[in-house]
Structures are given as C-alpha cells and as structure tokens.
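I have placed the structure first, in the form of structure tokens, so that the comments after it can refer back to it.
Every number here is computed from the coordinates shown, using simple stated rules; none is lab data. None of these values were measured; they are calculated from a predicted model. In this analysis, Cβ positions are derived from the backbone assuming ideal geometry, glycine residues included, and neighbour counts consider all displayed protein chains.
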Amino acid sequence: MSAAARFRLGATVSTPGALATGVDFAPLLARHVSGDWGDVSPDDAAANDADLAAGGRLLSAYNTAAGRLWVITEADRSVTTVLLPSEY
C-alpha cells in the first residue's frame, strides 16, 4: 500500500549506473514521494522533513538486491534523479 504523495517529483531521470542495476524504480519513487526516506540516518530523515516544509532538496537511500540507490529531488521540485551513490 502506498501513501499519498507529499510533493511533486518533477521529471524523473536516472543515471546510467542506476539503470544498469535493473531495479524497478517505481516502488522506490513511490516510497520517496510519500516521505519514506528509506535507509537514511535519523538526522538525515529529520533534515528531509525540514527541507520538505522549507522547500529544500530531498534525499532518500534504499538498499536493493542490486545495491544501494539514492533518489534525489531538487529543491524546486523540477526533477528527481535515481542514481548510485558513486555517481553523485
């Protein structure tokens, strides 16, 4: 069951490395947009909550069978990128 969207994703894009994992990004994007920040520290989750209210950048991290993936939504909500941490 997915929760309601808390913000706009904007255009969704991914990096070559993220695409190469073969992971289905749809469930990760659904978690991200609902405010489930995944496998981030409590401090990073609190920062995301504050940035959601203040209009800042949002970062989620998800551990998948293919490795860790990040989902980043820009502060202006124009674009959300799925990427490997090494591609940041």
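The table that follows gives values for the structure above.
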| quantity | calculated |
| --- | --- |
| Breaking point among (1) surrounded by 15 or more Cβ atoms within 10 Å (Cβ to Cβ); (2) in contact with a helix residue (DSSP H, G or I) (Cβ under 9 Å, 6 or more places away or on another chain); (3) among the hydrophobic types (A, V, I, L, M, F, W, C), for ALA66 | (1) |
| Out of ALA5, ALA61, ALA46, sole residue that is without any contact (Cβ under 8 Å) to a residue 40 or more places away in the chain and touching a strand residue (DSSP E or B) at 6+ places or on another chain (Cβ under 8 Å) | ALA61 |
| Among residues of the stretch 26-46, those that are in contact with a Gly (Cβ under 8 Å, 6 or more places away or on another chain) and farther than 17 Å from LEU69 by Cβ, counted | 0 |
| Any hit, the stretch 15-25, residues being acidic (Asp, Glu) and either without any contact (Cβ under 8 Å) to a residue 12 or more places away in the chain or under 16 Å from TYR88 (Cα atoms) (or both) | yes |
| Hits in the stretch 10-28 - residues which are surrounded by fewer than 19 Cβ atoms within 10 Å (Cβ to Cβ) and of a type outside the set (Gly, Ala, Ser) | THR12, VAL13, THR15, PRO16, LEU19, THR21, VAL23, ASP24, PRO27 |
| Test result for GLY38, crowded, with 17+ Cβ neighbours inside 10 Å and more than 15 Å from THR80 (Cα to Cα) | yes |
| Subset of the stretch 13-35 [under 17 Å from PRO85 (Cα atoms) and either within 12 Å of the chain's Cα centre (by Cα) or of a type in the set (S, T, N, Q) (or both)] | VAL13, SER14, THR15, THR21, PHE25, LEU28, LEU29, HIS32 |
| Extreme residue, nearest to VAL79 (Cα to Cα), among residues of the stretch 1-42 that are part of a loop (DSSP other than H, G, I, E, B) and among the hydroxyl-bearing types (Ser, Thr, Tyr) | THR15 |
